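The values are calculated or read from the model by the stated rules, or taken from the named source; none is laboratory data. In this text, all values refer to a predicted model and were calculated from it rather than measured experimentally. Counting neighbours? That spans all protein chains shown, and the Cβs are built from the backbone with ideal geometry, glycine included. Keep in mind that these areas ignore ligands, DNA and RNA; they rest on the heavy atoms of the full protein, side chains included. Shrake-Rupley method; radii C 1.70, N 1.55, O 1.52, S 1.80 Å.
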Amino acid sequence: MKKKALCTLLSIGLVLSLTACGGSSDSSSSASDSSSLAEAFDDYSRPAIAKEDEVSIIYLVSNLTDESNIRCEQQAAIEAAHRGWDYQCINYEKEDNFREYFQNAINQNPTAIIIGVTQSFDSYQDLVAQARDAGIGIYSNDNSVIEGVISNSTMDNKEASKAIMEQVAKDHPDGLNYAVFELGMSEVVTLRADEAKAYADDNSSYKLLDSIDLASTGDLNTAGYTIAQTWLQQYGDSLNFIFCSADTPALSAAEAITQGGDAKGEKTFVSGVDGGSSTWSYIRNNTPLKYTYSQPFEYFTHMTFEVIHDIQVEGLNPGDKDCAISKAGEYMTASGIVTTVDNCPAAGDSIHSVFDYYRESPDAKDAWYTWTDGPGIYEVTD
């Protein structure tokens, strides 16, 4: 079978043409026949079981300027290439395009569709149901679970925020005044922000000055700069720390602080959540961005592919012996690490070297984090 490793922004014309082709595909009936032979494990048709060399995966991912999405997608390409699976990445770029491109993915009738972090995901439950009824497996990767989604691979977002706040408190035991960026449309980001805001409730030396939903400002890539600039004007030196629920606004908030004359973050500093070359470069170079919770996106993605293999190649059901998940809709979590200047990775390091799973067995042979198929292992850049 010819393997694909495509990650393209589809045009409207391509969407329409693929939609037309999907409606007449013979593979649709074969997928339904295959799934009907096995017992369903939730309220939908059982996802089709495919031979190892006939698996096809579509990964729906937004905004491939975000390093978190870039890393997830690169690992997905590695996983597919290593397993010999047909693979396509659809970068839908803007949330407004998601429904159209999700429909397009369904019409192509792959074995499985993986969905990256998506705002207001519950509003697309009808498409999840349509896909599942067609025998297509639907899996979230660092996203959330709604009805019909078989699994989600992510971290404990509350624990991540707690870890950052505890590290900040350890480094600043006399207390700080802080503000929080949140994003109400995203479940994972809301969990992070809520935990950070609640920290002041149990720690009297920490005072929450303000919080705001980034979605209210429009462009999320520049919202961090705009809001940080406003807060600096409003609170001045009284604002010591800005907790950002993701690295993208943290990077732009750090730029606002730098432009305000505090290039090293001596008066006001920032933390983020995600980790990656851009963030680590800011931390390494003594900018106002001092902390991030580095997420093991590669591990999330590997776990998602393991579930697909168990459910749709091995034919296991959730809860079966050796199945990666115990129930449909399960959240699988992997822990990350708080990164500061003291443990910041260097340019050229393997992405895996940042995390405990690698550090515990760096010499393991044939472990998934040694795979170099497809685009190869992501390396930290300067």
Helix 220-235 versus the longest principal axis of the chain: what is the Cα-based angle in degrees, 0 to 90, to the nearest 10? 20 degrees
Ordering 171-178, 61-68, 107-114 by per-residue average of other C-beta atoms within 10 angstrom, highest first, gives 107-114, 61-68, 171-178
May I ask for the Kirkwood hydrodynamic radius of the stretch 89-170, worked out over all distinct Cα pairs and given in angstroms to one decimal? 14.0 Å
Rounded to the nearest 10, the angle in degrees between the Cα long axis of helix 27-36 and the longest principal axis of the Cα atoms of the chain comes to 90 degrees
Per the rule of 0.36 nm per residue minus the C-alpha distance, extending Ala40 to Gln233 adds in nm 63.7 nm
Gyration tensor (alpha-carbon) shape descriptor, the stretch 196-340, a/c threshold 1.5: prolate
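Quick one: accessible area per residue over the stretch 86-152, 1.4 Å probe, rounded to a whole number of Å²? The partial results should precede the final answer.
Working: 1780 Å² over 67 residues.
Accessible surface, normalised per residue, equals 27 Å².
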Summarise the accessible area of the chain (1.4 Å probe, protein heavy atoms) by the percent that is carbon and sulfur. 46 percent
Taking springs between alpha-carbon atoms closer than 10 angstrom, which of Arg46, Arg83, Arg132 fluctuates most in the Gaussian network model of the chain? Arg83
Whole-Å distance linking the alpha carbon centroid of the stretch 83-110 with that of the stretch 243-280 is 33 Å
May I ask you to derive the FRET efficiency for Asp122 and Asp210 from their Cβ-Cβ distance with R0 = 35 Å, giving the value to the nearest 0.05? 0.80
Reviewing (1) 25, 55, 20, 1; (2) 26, 59, 14, 0; (3) 29, 54, 17, 0, the figure for P(r) over Cα pairs in 20 Å bins from 0, in percent actually calculated from this model sits under (3)
Between Asp382 and Ser361, how high is the FRET efficiency from 1/(1 + (r/R0)^6) when r is the Cβ-Cβ distance and R₀ = 35 Å? Nearest 0.05. 0.80
